[in-house]
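Nothing in this text is a laboratory measurement; each read-out follows from the coordinates by a stated rule. All of these numbers come straight from a predicted model, not from anything done at the bench. Every residue, glycine as well, gets a Cβ built from its backbone with ideal geometry; the counts of neighbours run over all protein chains shown.
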Amino acid sequence: MNELFLSTPPKGTLPTACCINSSFRLSLSAGNRAPPRPYANALTQRWRHQTFPNPAKDMSQLRWAFIQPFQLRVRRGIESYVWALTGALVDTGVDIDILTWQGPLNPPSLTGGQVRLRTVPSVRYYQHLVAMPFYLRQLLFNRYDHVFVNFADYGEGPALRLSAAIKKVPFSVVFHFPPTVAPHRYRQFERWQFPRDATHLIAVSNHLANQVRDWSHRKCAVITHGVDTKKFRPDHEKREQTRASLGIAPDAHLLVTAAALEERKGIHWAIEALPRVLKTFPNTCYLILGEGRYRKELETLIRNLGLESHVMLKGAVGDVDNYLCAADLGLLLSRGEALGIAILEYAASSLPVITSQEPPFDEFVHDDWGTRADETNSLQLSEMIISLLADPARRATMGSAGRVWVEANYSWQQVAAEYRDLID
């Protein structure tokens, strides 16, 4: 069972890392090689360094664990949330472990103190069964003051239930999806008695919190996502470079959606509105950042409408911020969202925003930087897009207002402080 330690070094040096086995420790300095395990090279390649600090910790320091299986396997809102929140928490002095499954993705560069990745060895089948004893061992042999989970059915449920019979481990559940979208997740929460045993239930929006309260019959705190405003910001140089790499002319209009390719994300509604937009602005392009099972349906729709030269399915990318710098307008026409972290990233990048009329967008999309549309009405949607593309001054004003709003309300430092206040 491997551990990957991530820390931010002094300026002028590289990040540090080492891969640890329960029986020995190996420094990934030049000339040393990690034991042959699946994905070992992918996990450690970016984090080679000569030295690593002693991991011994002050027992008075808060120590939290986040159990999130897919940190090294997929790029979604939940994974982005865990990376960003843990990075902000270590800045406040919390010692953090992330318990996750091995995977092909590299961890991002983290700021602040130290975050440890404790990774479950990868197997072809029944990964959740392998994860359960791994989680149980970590819960029993580490002094965690608090544990946070987002799921119950990837080994978390039985591990927490069994550990409670031996040692009390306080844990909280963070809800990122409504019951209407993922009812099977809530059945697993119930199976492992999370509504009864969790110290706190936490939702990322008021809309979701109300549903969790109705389901659990107990209190549910609301702590939203944040956004890294140093990473997501306007950058003229990045804009030019990214547009050049995409083959988009400087004077062309670029719409963007950053979302998984799922029907509920409403990407098809934007595609269906695009032909009307092209009649007024024929050099408009639509960039879609994300991957998913709905790709084939979207490709068929694009082909049927003859939009191959105007719509780009870029897939899942790690540098979303660069693509947002290149865009003129951000779209998220989804249903069943808990929050919609892409909206915060659009606003931080000074992009005007168009969302669907579905909750929770009514909670936080303000008229001075965003607008909500009936996503099923392609005529109305196309008119909204045309109106914004035709008025660059209005877009600039809305973009500036959105960034000011995000900076004032949605920094990860604020989110980390709210978690500290709740748990402390």
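At-a-glance table
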item	result
Mean projection area, nm², convex hull over Cα of segment 236-409	9.1 nm²
Set Lys279/Lys314; Lys231/Lys296; Lys238/Lys279; Lys168/Lys230; Lys238/Lys296; Lys230/Lys279 screened for pairs whose C-alpha atoms are more than 27 Å apart	Lys231/Lys296; Lys238/Lys279; Lys168/Lys230; Lys238/Lys296; Lys230/Lys279
Whole-angstrom gap from segment 366-399 to segment 270-340, using each part's C-alpha centre	16 Å
Exposure proxy ranking, count of Cβ atoms within 10 Å, fewest first, for His184, His128, His225	His184, His128, His225
Surface/4 estimate of mean projected area, convex hull on alpha-carbon atoms of segment 136-286, nm²	13.0 nm²
Ranked Leu344, Leu388, criterion: other C-beta atoms within 10 Å, fewest first	Leu388, Leu344
